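All remarks here apply to the structure that follows.
The values are calculated or read from the model by the stated rules, or taken from the named source; none is laboratory data. Only a predicted model underlies this, so the values are computations on that prediction, with no experimental measurement involved. All Cβ positions, even for glycine, are placed from backbone atoms using ideal geometry, and neighbour counts span all protein chains on display.
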Amino acid sequence: MNRTELNWLLQTIKDADTAERFVLAQYQHGRISFQMMADVARERGWINCTAREFSITTTRYLTEYATTELAVAIA
């Protein structure tokens with residue numbers, strides 16, 4: 001997915017939280033690069049930090065998500 005396609009899709013999503021989850025999901029599925037995800041997040045005001053700080057935040061979120069998934073899979 002290129003930048004133009006991503007921006008077009010994001011224009012169709014009215015809720016900011018849903019748009020954030022959509023972008024993160026696209027990154028997790030390998031459809032967009034980390035840099036594109038960070039750029040879009042910065043442009044839309046979802047984050048107000050550097051890409052490195054965003055990486056740390058994203059990694060923490062993904063780790064928590066993976067732990068939850070594992071617990072559900074074991075149960």
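Every residue, every condition in (1) of a type in the set (D, E); (2) in a loop (DSSP other than H, G, I, E, B); (3) surrounded by 11 or more Cβ atoms within 10 Å (Cβ to Cβ), yes or no:
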| site | (1), (2), (3) |
| --- | --- |
| E5 | yes, no, yes |
| L10 | no, no, yes |
| A25 | no, no, yes |
| I32 | no, yes, yes |
| Q35 | no, no, no |
| D39 | yes, no, yes |
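Within segment 1-23, residues that are under 13 Å from A41 (Cβ atoms) and without any contact (Cβ under 8 Å) to a residue 24 or more places away in the chain sit with their Cβ atoms under 6 Å from residues that are hydrophobic (A, V, I, L, M, F, W, C) and surrounded by 12 or more Cβ atoms within 10 Å (Cβ to Cβ), at 6+ positions apart or across chains, in these pairs: V23/M37; V23/V40.
Every residue, every condition in (1) of a type outside the set (S, T, N, Q); (2) at pLDDT below 85, yes or no:
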site	(1), (2)
T4	no, no
H29	yes, no
V40	yes, no
A51	yes, yes
Y61	yes, yes
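The residue of segment 12-23 that is farthest from the chain's Cα centre (by Cα), among those that are surrounded by 12 or more Cβ atoms within 10 Å (Cβ to Cβ) and β-branched (V, I, T), is I13.
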